[in-house]
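These notes concern the structure reproduced below.
None of the figures in this text is laboratory data; all of them are computed from the coordinates on show. Keep in mind that what you see is a predicted model, and the values were worked out from it rather than measured. A quick note on method: Cβ atoms are made from the backbone with ideal geometry, for glycine too, and the neighbour counts reach across all protein chains shown.
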Amino acid sequence: MELMWHAGFTMAEEPKSLRIRLGPQGRVVIPAHFRRAMGIEAGEPLVATLEGEGRLVIETRKAAWESFLRLFEGIPKDADLVGELIAERRAEARREEEETRAFVEEAVKEQR
């Protein structure tokens, strides 16, 4: 069978990108071959994420969870993120307190 080329894919392949229209009440129909490839059926909960201007990503809950977990891949398992955050905030509070004290001392000196 001779394959014909159209829009960057062979006719024997399903396209990975299609132009779709926004329907009444803002509804979008996900093409059947996309639904099959994603393993989803009608009524299945999905996650929609707005990524930048003009980009909407729709994924299964499992794929969204896996994407979320990848955000933390570089963090060591034994890292104490809460402890680090508290230490950073306490150091910042000390710096602010020192700056305020120096400002007040300078203002008092100018008053004399």
I need the helices (runs of 4 or more DSSP H) fully contained in segment 19-112, keeping only those with at least 1 residues that are hydroxyl-bearing (S, T, Y). 61-70, 81-111
Residues satisfying the stated conditions in segment 60-88, i.e. out of contact with any strand residue (DSSP E or B) (no Cβ under 7 Å at 6 or more places or on another chain), surrounded by 10 or more Cβ atoms within 10 Å (Cβ to Cβ) and charged (D, E, K, R): K62, E66, D80, E84, E88
